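Colleague: Structure in structure tokens, see below.
The values are calculated or read from the model by the stated rules, or taken from the named source; none is laboratory data. Remember, it's a predicted structure, so these values are computed and weren't measured experimentally. When we count neighbours, we look across all protein chains shown, and the Cβ atoms used for this are built from the backbone with ideal geometry, even at glycine. Side chains included, ligands, DNA and RNA excluded: accessible areas come from the protein's heavy atoms. Shrake-Rupley method; radii C 1.70, N 1.55, O 1.52, S 1.80 Å.
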There are 2 protein chains.
Amino acid sequence: MKHIVILGATGSIGTNTLDIINRFPDRFQVLGLTAKSSDDKLEKIIRCVKPAVVALSDPKAAAALKRRIASLNVEVLSGEEGVKQVACLPEAELVISAIVGAAGLLPTLSAIKSGKTVALANKEPMVMAGEIIQREAKKRAVPILPIDSEHSAIFQVLNGERHGDIKRIVLTASGGPLLKLSKAMKQKVTKKEALAHPNWKMGPKISIDSATLMNKGLEIIEAKWLFDLPPGKIDVLIHPQSIIHSMVEFIDRSVIAQMGLPDMRVPISYVLNYPERTALPLPSLDLAALGTLSFEAPDFERFPLLTVAYEVLKEGLTLPSVLNAANEVAVSAFLEERICFGDIERVVRQTVDAHLPQKAETIEDVMAADAWARTEGAQVVQQIGSC
Amino acid sequence: MKHIVILGATGSIGTNTLDIINRFPDRFQVLGLTAKSSDDKLEKIIRCVKPAVVALSDPKAAAALKRRIASLNVEVLSGEEGVKQVACLPEAELVISAIVGAAGLLPTLSAIKSGKTVALANKEPMVMAGEIIQREAKKRAVPILPIDSEHSAIFQVLNGERHGDIKRIVLTASGGPLLKLSKAMKQKVTKKEALAHPNWKMGPKISIDSATLMNKGLEIIEAKWLFDLPPGKIDVLIHPQSIIHSMVEFIDRSVIAQMGLPDMRVPISYVLNYPERTALPLPSLDLAALGTLSFEAPDFERFPLLTVAYEVLKEGLTLPSVLNAANEVAVSAFLEERICFGDIERVVRQTVDAHLPQKAETIEDVMAADAWARTEGAQVVQQIGSC
């Protein structure tokens with residue numbers, strides 16, 4: 001029986017993780033879970049999986065939840081400290097890090113510091129503090145298993161291969177719902193259009209990031225730290241069908257790709273069962289039925305956030321934290337309809353350009369850059385004014 | 001320094017193997033090589049790589065070669081016994097089995113029995129005597145490394161994976177130059193049309209086998225023995241561009257594929273350097289430049305030899321030997337313009353149907369079935385008469 005903690009149990013990854021865990025009740029047990037706030041969905045999850053501990057980052061929500069599930073034998077913790085405590089539960093063997101955004105950084109780091117194997121669906125910890133996280137993980141020989149479909153693909157392909165034999169990795173990108181959008185039309189994109197991802201059902205933040213290709217920008221930075229690769233060995237390829245999840249080219253020109261129908265339960269099952277695989281009752285990939293797979297080079301002009309991400313990847317320091325925070329601010333503003341779609345790239349570019357990069361050796365360095373970028377980004381949003 | 005023996009040094013695989021070996025003179029040394037007959041090409045190879053021993057299966061050719069290279073310090077052996085001796089040279093570590101057709105069986109088996117690691121480009125040994133070969137290899141813990149691009153793909157993908165996690169393997173097939181040919185036009189196909197493979201430059205026998213899909217038929221039987229899989233776990237998929245060389249679907253629906261530009265030097269380099277990889281100065285696969293990859297299910301009606309091969313794969317016994325020998329007879333007859341293209345499948349089908357399957361437990365069983373099929377096949381060819 002593997003004891004699991006889920007950080008961010010009510011999001012898309014959390015829900016898919018629970019789906020897999022519930023199929024194998026003799027193999028996995030949810031020891032603890034966390035969420036942002038209390039609602040019917042969370043209560044239903046708790047009544048179903050019966051965790052020992054739950055933490056809500058919002059103290060008021062925690063108090064409300066305590067009342068709602070008073071009849072159950074479940075400990076309810078609250079606030080950032082409560083979330084961290086769940087991330088470090090002594091009996092936990094695997095922590096699924098699935099909190100959306102920068103909020104996942106500190107609990108993930110706590111899990112690593114307490115020696116847990118961490119399965120990472122949350123990109124931001126690696127983007128913001130990749131060097132710190134890998135340093136702490138290596139100290140304790142803690143494995144970090146990627147859940148993101150692209151990084152899971154690379155991870156699966158590298159199984160049994162030597163790191164020195166990698167020539168480059170190629171992260172595929174669907175290109176999102178606005179792949180063919182002209183520059184002129186960018187300002188007119190509605191929230192609904194930007195959220196309509198062609199292949200994957202995901203949360204709103206990552207859906208918008210897919211439409212701007214910032215998601216791929218964050219992924220190239222994540223890949224640098226996950227796979228210990230220089231920027232020159234990390235490429236992006238547009239592949240609208242999202243069937244090839246990513247690939248590795250080796251020094252002998254052999255290319256190995258991981259493929260499958262877009263279903264997050266596959267990479268989630270992979271980390272839950274790692275290093276083994278488990279049969280899943282999902283449909284097989286039928287390439288003959290699909291007919292064709294297509295590929296094109298990314299258009300850096302139409303998707304300038306990918307250009308910014310490569311610049312930030314190369315320069316490093318506090319820039320990745322700033323990139324991430326500025327993007328979170330911009331995406332929130334767009335989702336709240338305070339700025340237009342095309343303004344997201346302006347907010348990010350202006351915030352990154354205004355930043356004087358600093359060393360990112362401690363979590364305090366990283367958090368300071370994050371805070372600075374949120375203030376700066378908010379100011380840029382205000383300057384732009386309403387859409 | 002790895003000491004290499006090449007069985008079949010003047011064919012397409014032999015030539016590509018020498019190309020790789022010559023690029024890494026500090027890593028590989030050709031200890032011995034064999035060929036069918038002596039010619040200028042062979043003499044040039046011998047003068048370049050300076051092997052210790054050479055064997056020609058044709059004794060007259062061996063005598064002629066002896067005179068031609070009298071000034072060199074190269075031992076020249078002759079006949080089947082000479083070829084076997086080279087396959088078992090005590091100092092050899094790796095034997096490249098690249099003789100075309102059934103003639104490769106006995107020398108390959110000799111190499112395995114003398115404990116050499118064998119890299120197999122020659123399909124026929126596994127098709128005819130897979131059970132015997134694997135029994136002998138397992139007795140001595142001799143690794144058998146596939147060179148065929150499809151089997152190399154599967155082998156590379158399975159690196160680091162558990163055999164029990166395989167759901168199925170999918171061998172890709174370009175479909176050859178006659179993929180879209182109607183049944184009615186089959187009898188009118190010229191030798192030139194049948195030999196014109198769209199992606200790979202290969203010898204005439206394998207090029208014709210690609211045009212009839214018999215090559216894929218032999219490969220599914222080879223795969224059964226190489227990867228210890230039942231017929232139900234071996235699928236074929238038409239993929240005209242020959243970029244995905246083959247793939248494995250795992251029980252969790254993850255599919256891993258090996259890809260690359262069609263160049264046999266990649267799988268050859270893989271077996272020479274196994275378990276490492278070596279940088280090759282070849283172009284990278286550029287999927288964006290290719291644009292699309294396409295796939296379709298094989299048409300068993302238009303390519304009936306694939307149907308015959310699956311029947312033979314399921315029933316086993318001496319049938320694979322009969323299938324292979326009948327096909328060799330039919331392809332020879334077509335290349336000599338004694339029968340039409342469409343007659344190849346008739347010769348194979350009629351010979352297989354006329355065979356009473358026997359146990360294939362010894363090499364004698366296998367060779368008897370092979371001999372029977374050659375006589376029977378030749379009779380069918382004669383019955384058909386001239387094209």
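Colleague: Within the stretch B:309-337, work out how many residues are farther than 12 Å from B:LEU218 by Cβ and β-branched (Val, Ile, Thr).
Modeller: Residues flagged as farther than 12 Å from B:LEU218 by Cβ and β-branched (Val, Ile, Thr) within the stretch B:309-337 amount to 3.
Colleague: So which of A:LEU237, A:LEU261 ends up being open to solvent by 30 Å² or more (accessible area, probe 1.4 Å), touching a Leu at 6+ places or on another chain (Cβ under 8 Å) and either closer than 21 Å to B:GLN258 by Cβ or at the interface with chain B (Cβ under 8 Å from one of its Cβ atoms) (or both)?
Modeller: Values: A:LEU237 fails: open to solvent by 30 Å² or more (accessible area, probe 1.4 Å).
The conditions single out A:LEU261.
Colleague: Follow-up. Of (1) open to solvent by less than 10 Å² (accessible area, probe 1.4 Å); (2) out of contact with any Ser or Thr (no Cβ under 8 Å at 6 or more places or on another chain), A:LEU272 satisfies all except one. Which?
Modeller: (2)
Colleague: Hey, another quick one. Among the hydroxyl-bearing types (Ser, Thr, Tyr), within 8 Å of another protein chain (Cβ to nearest Cβ) and within 17 Å of the chain's Cα centre (by Cα): which single residue out of A:SER246, A:SER269 fits that description?
Modeller: Checking each option against the conditions leaves just A:SER269.
Colleague: Right, something else. Does B:ALA297 satisfy being of a type in the set (Gly, Ala, Ser) and within 21 Å of the chain's Cα centre (by Cα)?
Modeller: Against the criterion (of a type in the set (Gly, Ala, Ser) and within 21 Å of the chain's Cα centre (by Cα)), B:ALA297 does not qualify.
Colleague: Considering each of A:LYS192, A:LYS186 in turn, give the residue that is crowded, with 17+ Cβ neighbours inside 10 Å, in a helix (DSSP H, G or I) and more than 11 Å from chain B (Cβ to nearest Cβ).
Modeller: None of the others qualify; the one that does is A:LYS186.
Colleague: I've got another one for you. Could you check how many residues of the stretch B:290-318 are in a helix (DSSP H, G or I) and open to solvent by less than 10 Å² (accessible area, probe 1.4 Å)?
Modeller: Summing the residues that are in a helix (DSSP H, G or I) and open to solvent by less than 10 Å² (accessible area, probe 1.4 Å) in the stretch B:290-318 gives 6.
Colleague: Filter the stretch A:272-291 for residues that are in contact with a Leu (Cβ under 8 Å, 6 or more places away or on another chain) and more than 7 Å from chain B (Cβ to nearest Cβ) and give the result.
Modeller: The answer is A:LEU272, A:TYR274, A:PRO283.
Colleague: For the stretch A:130-154, which residues satisfy the criterion of being in a helix (DSSP H, G or I), more than 15 Å from the chain's Cα centre (by Cα) and not β-branched (Val, Ile, Thr)?
Modeller: A:GLU131, A:GLN134, A:ARG135, A:GLU136, A:ALA137, A:LYS138, A:LYS139
Colleague: If you don't mind, there's one more thing I want to ask. Here are some conditions: (1) open to solvent by 10 Å² or more (accessible area, probe 1.4 Å); (2) away from chain A (no Cβ under 14 Å). B:PHE155 meets all but one. Which one does it not meet?
Modeller: B:PHE155 satisfies all of (1) open to solvent by 10 Å² or more (accessible area, probe 1.4 Å); (2) away from chain A (no Cβ under 14 Å) except (2).
Colleague: Considering (1) at positive phi; (2) more than 9 Å from chain B (Cβ to nearest Cβ), say which one A:ARG253 fails and leave the rest.
Modeller: Looking at each condition in turn, A:ARG253 falls short on (2).
Colleague: Here's something else I'd like to know. For the stretch A:195-234, what are the residues that are among the small types (Gly, Ala, Ser) and open to solvent by less than 50 Å² (accessible area, probe 1.4 Å)?
Modeller: A:GLY203, A:SER207, A:SER210, A:ALA211, A:GLY217, A:ALA223
Colleague: Does B:LEU323 satisfy being part of a loop (DSSP other than H, G, I, E, B), more than 14 Å from chain A (Cβ to nearest Cβ) and farther than 30 Å from A:SER254 by Cβ?
Modeller: no
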